[in-house]
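Step one of this worksheet: look at the structure below.
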Amino acid sequence: MSYRGIGYDKSLEAEEECLLRNDRQSYFSLARRIVRAQFQFADESRTQQLWQEVADRGMDVDRITYLMYGCQFQDDETAMLIADQEYQMKSNR
């Protein structure tokens, strides 16, 4: 791949890391939105819409649930990352 005469080595490993980051951010975002809708605003309709989005996108419901309940501070990126890594380790056993 070349951009303005500069060669780029877009390795498979770099691509996979990028996809993993994007995937993780999608999970974090939806978990945060569900927590707000369900617990902060008690908005049943919005909560159902968000869970439907999880289903429509074929996302791992258990992973979302773990991020919701396995992390006390969903607005803390580091805490979410730790909870997600814990879930990944448990689910890969």
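Laboratory data are not the source of any read-out in this text; all were calculated from the coordinates shown. Remember, predicted model here, so these are calculated numbers, not experimental data. Positions of Cβ are backbone-derived with ideal geometry, glycine not excepted, and every protein chain shown enters the neighbour counts.
Summing Lys and Arg as +1 and Asp and Glu as -1 over all other residues whose Cβ lies under 13 Å from the Cβ of S91 gives a net charge of -1. This model, with +1 at the C-beta of Lys and Arg and -1 at the C-beta of Asp and Glu, gives the range 24-91 a dipole about its Cα centre of some 60 debye. Amide H to amide H, with H built 1.01 Å from N, G70 comes under 5 Å of no residue 5 or more places away or on another chain.
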